[in-house]
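I have placed the structure first, in the form of structure tokens, so that the comments after it can refer back to it.
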Amino acid sequence: MSFPADFLWGGASSAHQCEGAWNVGGRGPGKRDYMIVDRKTRQRLLTYVDRDGTRRLMPLGSGTQLPEGARYEIFDDCFYPDHDGVDFYHRYKEDIALFREMGFKVFRMSISWSRLFPRGDEAKPNQNGIAFYKDVFEELQKNGIEPLVTLWHDDTPLFLEESIGGWSSRKMIGRYEKYAEACFRAFKGLVRYWLPFNEINNVLLFLEMFGKNPTDEMYQAAYQELHYKFVAGARAAAKARQIDPRNCVGCMICGVPFYPATCDPKDIMLNHEMWEKGLLYSSDVLCRGEYPVFSHRLWREHKVNLDILPQDLEDLKKGTVNMYTFSYYMTSAVTTHNTTDIVGGNCTTGVRNPYLEYSEWGWANDPLGLRYFLEKMYTLYKLPMMIVENGLGAVDTVEDGQIHDSYRMDYLRGHIQQMKRAVENGVDLIGYTAWGCIDLVSAGGEMKKRYGFVYVDRDDNGAGTFQRLKKDSFAWYKKVIESNGEDLD
Ligand code: BG6
């Protein structure tokens, strides 16, 4: 047995990491437009000014709101990587031609909400934004590539954050619904694969990261935010299918399988609970349309009291997804025993696993974990599955115009081999989009952490020409697609 003949091979990206043109064509700002990178700590910092005009920096993820009277501000002497991304906005034709050359059947990208609704609450979408995405989708169509579109990849319009508190507010459901509906109507016939939210379960995974010690208030906020996103996504899914019955909607789960670090029953139970909280809680709501039985225990544990209306529960039922879509980079081992050897990556931290190798950024390389996750989730949900992010973030060196990235091919080869095993074992796997198929700005704001088959000449200080170069993995992936996953050498 092998991959199905119509298997969707391709690559993935997101708007704020590759488009650039942050203030072009009427686009409004988002929080990411105010993020710089602290060179020493590699941490992302938001730039703002206090009420009295004093310049300040705030670490991302600190959970802190801006002080009263403060406002986000661009500092002229700072570098904001997302402002230019990798200039996909101006170079998409060249990039799509490269994707076609590799034989892509699908390209995952996201729409920047504030390109369509600069503040997020306008009555009508910005026609410049609609025109841009229409052009991109048409270009993909001309090249025989199916778009797979994420509606929200961590980029809420700033105005909504400032005016109503972003996803802490129920009002976001209505704002998002309007944005989603505008997309389904404007791009009808051009797009049929949709993902309402990127890695929706991250909100909970982040909380569990080592050293965070979340308070009950933090759990309350996280579960409430998730509930509003679940309802918004479910309403969007129902609307997508109402507008065009061919529309197919997927969940987007950050797929980090947990392992118990020892066979101590306490570790087994901790692992079990990490699966529940980090993975199954969100997957169940999105795939089955209802909160799983263990939700009540989770809420009780942290004294969480959610704003859930009866209509919300009906919406969740009607808005379940058509496919189980997820990202996979690594696994994470958990323990109840004292340990200091902590490693982290992709929204999780855990104990170093002595059986695995780690990337320069501390992400475990574990192809078997992908098969484990595919088979476990398929058994549970029985939905067609697609891996919409996977890859190795690494430093690439250009030598005489060439990039010899055998390490990337090794990583991908291992994972594709395990996908094949999962297919042989009965999993209905329909597609695979390698993350950052063209180099883009990493979530941490670094250019140096590259995933692409195509190299982009741009560095961490904003220097470079944006010239595109094919890496060795370009020809390799082309061969993988041509042979439908048979030739992985
Ligand atoms: C996923 C995100 O969590 O991981 C992407 O959806 C992100 O936006 C990717 O880029 C890889 O993470 P990083 O930090 O290497 O860019």
Report summary line: Here, Ser406 and Leu57, labelled 7 Å along Cα→Cβ, have an inter-label distance in nm of 4.0 nm
Query raised in the report: Can you list, bin by bin at 5 Å, the percent of alpha carbon pairs in segment 351-425, starting at 0?
Result: 3, 13, 22, 20, 17, 12, 8, 4, 2, 1
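Under a 1.4 angstrom probe, counting protein chains only, how are Asp312, Asp216 ranked by accessible area, largest first?
Numbers: Asp312 5, Asp216 50 Å².
Listed by decreasing accessible area, they come as Asp216, Asp312.
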**Report entry** Cleavage-rule hits, chymotrypsin sites (Phe, Trp or Tyr not before Pro), segment 86-152, DSSP coil, Cβ neighbours within 10 Å at most 16
**Finding:** none
**Report entry** Whole-Hz couplings from phi, Karplus 6.51/-1.76/1.60, listed for segment 370-375; x for Gly and Pro
**Finding:** 5, 4, 4, 5, 4, 6
Query raised in the report: Say a paramagnetic label sat at a point 7 Å from the Cα of Asn338, along Cα to Cβ; which residues of segment 254-284 have their backbone N under 19 Å from it?
Result: 261-262, 264, 266-267
Report summary line: Rounded to whole angstrom, the alpha-carbon centroid of segment 403-469 lies from that of segment 97-131 at a distance of 21 Å
Report summary line: Quick calc, the chain, dipole around Cα centre from Cβ unit charges on Lys, Arg (+) and Asp, Glu (-), nearest 20 debye, gives 1140 debye
Query raised in the report: Which value results when the Cα radius of gyration for the chain is divided by 2.2 N^0.38 Å?
Result: 0.93
Report summary line: Note to self: with every protein chain in place and a 1.4 Å probe, the chain gives an accessible area per residue in Å² of 40 Å²
Query raised in the report: How many lysine pairs in segment 65-173, separated by 8 or more positions in sequence or lying on different chains, have Cα atoms less than 25 Å apart?
Result: 8
Query raised in the report: For segment 1-67, what is the Kirkwood hydrodynamic radius in Å, using each pair of distinct C-alpha atoms?
Result: 15.5 Å
Query raised in the report: Tell me, what does the Kirkwood hydrodynamic radius of segment 311-363 come to in angstroms if you use every pair of distinct C-alpha atoms?
Result: 14.1 Å
Query - Carbon plus sulfur fraction of accessible area for segment 187-245, probe 1.4 Å, in percent - result: 53 percent
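Identify the GluC sites (Glu not before Pro) of segment 2-100 meeting these criteria: DSSP loop state and at most 12 other C-beta atoms within 10 Å of the C-beta.
Values: sites: Glu19, Glu68, Glu73, Glu94; in loops: Glu19, Glu68, Glu73.
Filter output for segment 2-100: Glu68.
Looking at the chain only, what percent of DSSP beta bridges run antiparallel? Nearest 5 please. Mind dumping the intermediate values first?
Values: 23 of 55 bridges.
Taking every DSSP beta bridge within the chain, about 40 percent pair in antiparallel fashion.
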**Report entry** Accessible area of Met35 in the full protein assembly, 1.4 Å probe (Å², nearest 10)
**Finding:** 10 Å²
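Antiparallel versus total DSSP beta bridges in segment 344-489: what percent is that, nearest 5? Please list the in-between numbers first.
Details: 9 of 13 bridges.
In segment 344-489, DSSP labels about 70 percent of beta bridges as antiparallel.
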Query - Label-point separation in nm, Leu306 to Arg39, each point 7 Å along Cα→Cβ - result: 4.5 nm
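Between Val395 and Glu314, what length in nm is gained on full extension when 0.36 nm per residue of separation is reduced by their alpha carbon distance?
Contour length minus Cα-Cα distance gives 24.4 nm.
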Report task. Mind giving me the FRET efficiency for Lys93 and Leu368? R0 is 45 Å, r the Cβ-Cβ distance, nearest 0.05 is fine. Result -> 0.70
Requested in this report: With θ set to phi - 60°, apply the Karplus curve 6.51 cos²θ - 1.76 cosθ + 1.60 along segment 341-348 and write out the HN-Hα couplings as whole Hz, x wherever there is a Gly or Pro.
Outcome: 7, 9, 10, x, x, 6, 6, 9
**Report entry** Unit charges at the beta carbon, dipole of the chain: most positive-side option, Gly362, Cys287, Thr348
**Finding:** Cys287
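The values are calculated or read from the model by the stated rules, or taken from the named source; none is laboratory data. Everything numeric here is computed off the predicted structure, so don't read it as measured data. Every residue, glycine among them, receives a Cβ derived from its backbone with ideal geometry; neighbour counts consider all protein chains shown. When the accessible area is computed, the model is the full protein with side chains, heavy atoms only, and any ligands, DNA or RNA have been set aside. Shrake-Rupley method; radii C 1.70, N 1.55, O 1.52, S 1.80 Å.
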